[in-house]
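No value in this document is a laboratory result; all are computed from the given coordinates. The structure displayed is predicted, hence computed values, not measured ones. Positions of Cβ are generated from backbone atoms using ideal geometry, with glycine treated the same way; all protein chains shown enter the neighbour counts.
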Amino acid sequence: MACLNNFTNLVSLCIIAQDIVEIDGLEKACLLEHLWICETKISKIKGLDACTKLEELYLYANKIKKLEGLNNNIHIKKLWVFSNEIEQIENISHLKQLEDLNISGNKIRHIKNTLAENTNLKVHNKVPIILTYYKN
């Protein structure tokens, strides 16, 4: 378990290819703008809602099953959650500044109209978006 309680002034944090299953104290790192937690055994990221300055969030190649805790992260421009265990894309329609989303390599069964609200989205799964999303 990685503990971040004493690192309240972090602006960027990179944890890649570590044998961890949990991170504590992320809610104390509320100045984070760039966060990489990748290639770990983590299935849930706690404390993200306190990181309201996040602009780039990389959570790829973990064991994450659900996108959650992003309600207060309205400044996210880049969200990479590829190669996880996510089955449904939800809880991102409020990310109005989102430009780059990579959700490839998941177990996605349902997207709904979630992405229709993300009007600034320019790249999806590393492919530039040139089509308009249609609402039914």
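Packing, taken as the mean count of other beta carbons within 10 Å per residue, orders the peptides 74-86, 13-25 from highest to lowest as 74-86, 13-25. Between LYS63 and LYS44, the contour length at 0.36 nm per residue exceeds the alpha carbon distance by 6.1 nm. Other residues with beta-carbon under 13 Å from the beta-carbon of ASN84 carry, at +1 per Lys or Arg and -1 per Asp or Glu, a net charge of +2. Each Lys or Arg adds one and each Asp or Glu subtracts one; over the other residues with Cβ under 15 Å from the Cβ of ILE23, this totals -2.
Please work out how much length the chain gains when fully extended from ASN120 to LYS107, using 0.36 nm per residue of separation minus the C-alpha to C-alpha distance, in nm with one decimal.
On the way: separation 13, 0.36 × 13 = 4.68 nm, distance 2.48 nm.
Stretched fully, the ASN120-LYS107 segment lengthens by 2.2 nm.
Taking neighbour Cβ counts within 10 Å as the exposure measure, how do CYS3, CYS30 sort from fewest upward?
Details: CYS3 12, CYS30 17.
With the fewest neighbours first, CYS3, CYS30 line up as CYS3, CYS30.
Close amide-amide hydrogen proximity is noted between GLN88 and ARG109, each under 5 Å apart and 5 or more residues distant or on a separate chain (H modeled in the peptide plane; Pro and chain starts excluded).
Where both partners of a DSSP beta bridge lie in the chain, what percent of those bridges are antiparallel, to the nearest 5? If you can, show how the numbers build up before the last one.
Working: 2 of 21 bridges.
If we restrict to bridges inside the chain, about 10 percent are antiparallel.
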